[in-house]
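One structure below.
Bear in mind that the values in this text are calculations on the coordinates, not laboratory data. Nothing here was measured: the structure is a model prediction, and the numbers come from that model. FYI the Cβ positions are ideal-geometry reconstructions off the backbone, even for glycines, and counts take in every protein chain you see.
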Amino acid sequence: MIKHTESLSRDHFYIAIDEGEQTFTHKFQVGGEHINHYYIFGVMGERFAITVEEWEGRVDVYVDGEGIRHELDEYYVDKRYTWLEVAVSAHPYANYNLKVRRHGK
């Protein structure tokens with residue numbers, strides 16, 4: 001995971017889930033004007049299940065990406081290479097655990 005902080009209100013996390021791994025998890029806190037952005041690298045044919053467990057607050061979650069198709073509780077990669085974006089915010093604040101499970105082709 002690579003972390004990049006933009007100004008004071010945005011954290012960007014770039015993630016590639018290796019072949020041997022199936023799940024990425026990240027416990028963190030968000031609040032106020034802050035938004036945490038996660039970019040998960042995906043290749044055509046992969047699918048991802050995303051869950052966010054929250055405590056001490058309530059989070060808002062936004063999931064999108066170019067070449068990403070959403071069906072039921074999973075996100076499918078329909079493009080050769082792309083980034084699946086997950087944005088997490090809260091007001092006033094929340095603690096959360098993000099889980100991204102990658103299913104191969």
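Close amide H pairs (under 5 Å, H built 1.01 Å from N) link G65 with E85, residues at least 5 positions away or on another chain. Against the set [x] 2, 11, 19, 24, 23, 13, 5, 2, 0; [y] 3, 13, 24, 24, 18, 12, 5, 1; [z] 2, 9, 17, 20, 19, 13, 8, 6, 4, 2, 0, the structure's computed P(r) over Cα pairs in 5 Å bins from 0, in percent falls on [y].
Can you give the net charge of the other residues whose Cβ lies under 14 Å from the Cβ of V61, counting K and R as +1 and D and E as -1? Combined, the nearby Lys, Arg, Asp and Glu give -4.
For the chain, what is the relative contact order in percent, using Cα pairs closer than 8 Å and at least 6 residues apart in sequence?
Values: 262 pairs, mean separation 38.4, N = 105.
About 37 percent, as a whole number.
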